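What follows is a short report on a single structure.
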Amino acid sequence: MSVISPPAVVVAQEAESFLRQCAEWLGWDHERHARRRAAVLDELARTGTYRHTPAELVLGAKLAWRNHTRCVGKLYWKTLMVRDCRRLHHPGAIAAALTTHLARAHNGGAIRPIITVFPPDTPTTPGPHIVSPQLIRYAGYEQPDGTRRGDPANTALTRLARELGWRGDGGDFDRLPVLIRDSRGDLTRHDLPPDACPDVPITHPDHPWFAELGLRWYSCPTVSDMRLEIGGVTYPAAPFTGWYVGTEIGTRNFGDRDRYDLLPVIARRLGLSTGDDRGLWKDRALTELNVAVLTSYERAGVRMLDHHTMADQFHRYVQARRRAGEEVHAEWGWIIPPTAASATPVFHDSYDPAVVSPNFFR
Ligand code: ARG
């Protein structure tokens with residue numbers, strides 16, 4: 001496996017720009033900034049890379065969240081908990097750190113925003129990389145007769161896990177192992193204990209039949225396939241967790257045609273005719289799915305926000321930043337909720353989608 005390093009001048013420019021942000025946010029005086037800048041440029045000239053101090057790493061990870069244009073929850077960026085695992089190269093050690101990550105993120109249901117940073121790419125060695133898009137994913141099975149089980153988004157990942165010797169139970173909510181590619185390019189699979197971040201069973205306050213569907217979802221998402229870029233340094237494995245907005249599950253994961261595709265199922269159970277779109281059976285099914293998700297998480301004591309509250313919070317954050325003369329970078333299409341969009345203030349606003357560094361990339 002070879003590493004394609006960006007040209008040295010680009011790295012130096014990125015490093016200098018990041019150190020200016022450090023000076024601003026960490027309150028470095030002129031002398032301290034000049035000293036650190038000289039040391040970094042020297043290290044870059046000698047080794048082709050440089051090592052962030054723990055304080056720089058923490059700030060860089062927080063700023064990457066703040067700068068990300070596709071996250072409606074980023075107003076909490078200052079509260080991010082940053083775990084420095086840059087010393088861990090062995091896949092077994094990485095998997096153990098991921099288990100701890102999940103348990104700290106889950107926090108007994110009081111989900112905490114947290115990121116764990118593993119070794120960076122260097123000019124000689126790529127850092128380890130998590131192939132799984134999230135630490136928890138449900139397998140997707142395609143039966144020979146064309147019928148599907150589980151999450152179709154993960155059929156390729158499921159195939160890869162099977163090639164590595166994994167055998168699932170063939171159900172709809174069957175957790176896949178985490179796949180890790182180490183610095184040497186070797187791919188391994190790791191089962192993380194389910195109780196580190198348990199599933200929430202989905203029920204509905206008015207419809208007892210909902211429980212019979214056997215729906216469930218994991219407590220919180222941990223995106224694990226994005227690389228974190230800070231000041232010209234790339235961290236290919238830096239999984240991060242935040243709490244869910246209900247619509248991510250109720251509308252998208254459960255409702256999308258190419259995911260669990262549950263709208264026809266729910267509509268039929270609600271006694272609605274699915275023959276005519278003008279009867280709005282999809283809209284009504286979506287609403288009941290979202291009610292079920294929000295009430296189930298609440299009942300399980302797992303932190304989750306509804307899309308109205310989340311959008312209101314984001315809107316107030318943007319307005320406060322604007323009053324301070326600063327624009328929040330965001331992608332409108334990712335900020336508006338997929339359900340009841342126009343009933344939230346973010347639908348009626350527009351944003352500058354500029355991508356600045358530090359940031360997360362796929
Ligand atoms: N939308 C993704 C999912 O349904 C999770 C993405 C991250 N979301 C978050 N709330 N931090 O699994």
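Some observations on this one:
- Inter-site label distance for residue 299 and residue 354 at 7 Å from Cα along Cβ, in nm: 4.8
- Per residue of the chain, the DSSP helices (runs of n ≥ 4 H) give a summed -39500 (n - 2.57) that works out to -11000 deg cm²/dmol at 222 nm.
- Volume per residue of the convex hull around the Cα atoms, evaluated for the range 306-345, comes out as 58 Å³.
- FRET efficiency, 1/(1 + (r/R0)^6) with R0 41 Å, evaluated for residue 252 and residue 321 via beta carbons: 0.90
- Value in Å of the Kirkwood radius, where the range 180-332 supplies the Cα pairs that are averaged: 18.5
- Taking 342, 183, 296 as the candidate residues, the one with maximal mean-square fluctuation in a Gaussian network model of the chain, Cα springs under 10 Å, is 342.
- Percent of alpha-carbon pairs separated by more than 37 Å within the chain: 25
- Of 343, 38, 161, the one that fluctuates the most in a GNM where the chain has Cα springs shorter than 10 Å: 38
- Spread over its residues, the convex hull of the C-alpha atoms of the range 165-223 is 105 Å³ per residue.
- Within a Gaussian network of the chain (alpha carbon springs, distance under 10 Å), most fluctuating of 252, 87, 175: 87
- Annotation for the range 2-72 versus the range 140-196: alpha-carbon center distance of 37 Å.
- Angle between the chain longest axis and helix 307-323 axis [Cα atoms, degrees, rounded to 10]: 30
- FRET efficiency estimate (nearest 0.05) - Cβ-Cβ, residue 309 to residue 148, R0 30 angstrom: 0.35
- Shape category assigned to the range 124-265 from the gyration tensor of Cα positions, a/c cut at 1.5: prolate
- Spacing of the two label points (7 Å from each Cα toward its C-beta) at residue 25 and residue 79, in nm: 1.7
No value in this document is a laboratory result; all are computed from the given coordinates. Please read these numbers as outputs of a predicted model, since none were measured by experiment. Note that each Cβ is placed from the backbone with ideal geometry, even for glycine, and that neighbours are counted across all protein chains shown.
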